[in-house]
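Working notes for the structure below.
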Amino acid sequence: MNDRPIFSLLAFALCSATAFAQEPIQTEFTATIKDGNTIKGDVLDIDAKTGTTRLRFEHARNPIDLKTESILALMRNSTSEPMEKSNRPTDLLLMRNGDRFPAKVAEIDKKDGTKIETDYSGNYTLPTESLQRISFGLANLPIFSGPREGQEWVLLPQEDPTIEIKDGIIKIKSSGSAAIDAGLTDCSIIDFTMPADRGPYISLALGSNALEASDKDDPDSPPQILAYGETNSYFTGNAYVVRTSSRTLTLQGATMTPEGRVRYTDLGIRFSMPQTGLSRRLSIGFNRRDKVIAFWADGEYLGKYVENGDWIGMNSAIVIGASSTKTEITLGGITVREWNGVISDEFAAKGMQSKDVLTLNTGERFTGTLISKNDSDVIFETTLSKMTFTPTDIATIDFGSGEESPDPEADEQADESIDDEEIEQDSPLVRFGGIYGLQGDEFQLTAEQLQFIHPVLGNVILPFKVIDSIKFR
């Protein structure tokens, strides 16, 4: 395909930045064009009938139309909005094609399929063979999502902060700290995005007491972080500190000495990041109920730390920062969700086992065949008996492939990861709400709603404000 007309149009649009140009507008997306060219601007329209995408950017007099087939990807430059609030529990569904999305599972029948309800796109019935895993209640609305306007972030140093907090973006320019009460519960999952390219370490202190009053007898005294003497360094308080780059992850325990210093203890956790080629989406399971911290990177389970001594991170705050950095680091949004505490071998199940696997909130597992699930009962058949469970007791259901494996150990093996499958797939991929993704085609953006055709669900409608990116090719 000859791309020259497209770039001539870009050049014309750029040259039209004269006194007639419109007022500067807020950049929303970065469009990556074939051959690596990029353009930043607001996405005004995507039209499946004409095959065009309309963009408006700061220095152009008029919007421009690009052929959609010339666009490799659209990436939002700030944090997307969370999915709409719902008063009911929301489940996390993983499909065998790697798609991951939120829905309420209303009913499961082995013959008739799985009936799901969504607040954003209506109701669907999924074929039994299309689902790989259901994690019940794991897609509930976040306890915390940020950074956003109006949130009370505390920055160190105060006078000339080295960390910039914008709506949806955290920029770390040098050593310093940014703390906020993120509402960490006894069992929650923290998600955040960091650059995938090689770069310096960043630190995330979990369960920190940095926002407690520095004088226990005076509740109006400055918080611990502002009373800290070394104003140009990263302050953790008493916390578990995840220290990570795009290549490795380590865990430390941080405790305050009587002299007001922070003492670090290496906890023996060192993980290499998987080479998935994706953005670094880190998930940290913070479970002080069972004294466990678990780690996933881009959906791949790395491992866990089990605390044998006293639990350090007893508070609900997190502190982001770096002890030193020579280059600016930009982090994506942070979300905190309630978690059932169940750790599988994979955050995204591999689905290689021949039988269904039912896991309870207590961690007990049963292998067999799921017969049905409704609002009152979950019926599961094992080789010994047919069992009935209460739906609220179920953490996950992993659906078997239905094919008997000649290797008795095959149920415990996995040949390739879901993320590898996502990289290899050629279908356009929509990422939304921070942690979800659906494949689709025939995109149509109308009245702030993105519509597309999913290979299993059919017609899907998503609010455009929740879209993180569209990877066309």
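Key figures for this structure:
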quantity	calculated
Residue check for T114: touching a strand residue (DSSP E or B) at 6+ places or on another chain (Cβ under 6 Å) and modelled with pLDDT of 90 or more	yes
Qualifying positions in the range 100-150 - of a type outside the set (V, I, T), closer than 16 Å to D398 by Cα and in contact with a Gly (Cβ under 6 Å, 6 or more places away or on another chain)	R100, L126, P127, Q132
Number of the exception - L93 against (1) more than 25 Å from G168 (Cα to Cα); (2) surrounded by fewer than 17 Cβ atoms within 10 Å (Cβ to Cβ); (3) without any contact (Cβ under 8 Å) to a residue 60 or more places away in the chain	(2)
Residue match in the range 225-240 (condition: small (G, A, S) and open to solvent by 40 Å² or more (accessible area, probe 1.4 Å))	yes
Any strands (runs of 3 or more DSSP E) falling wholly within the range 132-207 and containing at least 2 residues that are in contact with a Phe, Trp or Tyr (Cβ under 8 Å, 6 or more places away or on another chain) and modelled with pLDDT of 90 or more	176-181, 187-194
Hey, E152 open to solvent by 40 Å² or more (accessible area, probe 1.4 Å), over 28 Å from S246 (Cβ atoms) and touching a Lys or Arg at 6+ places or on another chain (Cβ under 9 Å) or not	no
Flag for E129 being over 21 Å from W339 (Cβ atoms) and not in a strand (DSSP E or B)	yes
Residue tally, condition more than 24 Å from Q449 (Cβ to Cβ) and open to solvent by less than 50 Å² (accessible area, probe 1.4 Å), over the range 131-149	11
Filter result (out of contact with any strand residue (DSSP E or B) (no Cβ under 8 Å at 6 or more places or on another chain) and either in a strand (DSSP E or B) or open to solvent by less than 30 Å² (accessible area, probe 1.4 Å) (or both)) within the range 286-308	E300
Boolean, D426 is in a loop (DSSP other than H, G, I, E, B), modelled with pLDDT of 50 or more and more than 26 Å from P89 (Cβ to Cβ)	yes
Selection status of E442, over 23 Å from G333 (Cα atoms), out of contact with any Pro (no Cβ under 7 Å at 6 or more places or on another chain), modelled with pLDDT of 90 or more and open to solvent by 60 Å² or more (accessible area, probe 1.4 Å)	yes
Selection count where residues are farther than 20 Å from L92 by Cα, in a strand (DSSP E or B) and out of contact with any Gly (no Cβ under 8 Å at 6 or more places or on another chain), scope the range 436-473	11
Subset of the range 213-253 (residues that are at pLDDT 95 or above and closer than 23 Å to Q158 by Cα)	N238, A239, V241
Single residue of the range 38-54 satisfying the filter (open to solvent by 70 Å² or more (accessible area, probe 1.4 Å) and modelled with pLDDT under 90) that is farthest from T446 (Cα to Cα)	T38
Meets criteria (out of contact with any Leu (no Cβ under 7 Å at 6 or more places or on another chain), assigned to a loop (DSSP other than H, G, I, E, B) and without any contact (Cβ under 8 Å) to a residue 24 or more places away in the chain) for P258	yes
Positions within the range 350-379 being under 21 Å from C187 (Cβ atoms), surrounded by fewer than 19 Cβ atoms within 10 Å (Cβ to Cβ) and of a type in the set (S, T, Y), in sequence order	T362
Check on T128, modelled with pLDDT under 90, under 26 Å from S427 (Cβ atoms) and either among the charged types (D, E, K, R) or surrounded by fewer than 22 Cβ atoms within 10 Å (Cβ to Cβ) (or both)	yes
Output for the range 449-473, where each listed residue is of a type in the set (V, I, T), farther than 25 Å from I33 by Cβ and surrounded by fewer than 19 Cβ atoms within 10 Å (Cβ to Cβ)	V456, I461
Filtered residues of the range 378-403 (kept if in contact with a Lys or Arg (Cβ under 8 Å, 6 or more places away or on another chain), assigned to a strand (DSSP E or B) and free of Cβ contacts under 8 Å to residues at least 60 places away in the same chain)	I379, F380
Failed item in (1) surrounded by fewer than 22 Cβ atoms within 10 Å (Cβ to Cβ); (2) touching a Gly at 6+ places or on another chain (Cβ under 9 Å); (3) within 25 Å of L155 (Cβ to Cβ), with E259 passing the rest	(2)
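The values are calculated or read from the model by the stated rules, or taken from the named source; none is laboratory data. What you are looking at is a predicted structure, and each value in this text was computed from that prediction instead of being measured. No Cβ is skipped: glycine too gets one built from the backbone with ideal geometry, and neighbour counts run over all protein chains shown. With ligands, DNA and RNA removed, areas are computed over all heavy atoms of the protein, side chains included. Shrake-Rupley method; radii C 1.70, N 1.55, O 1.52, S 1.80 Å.
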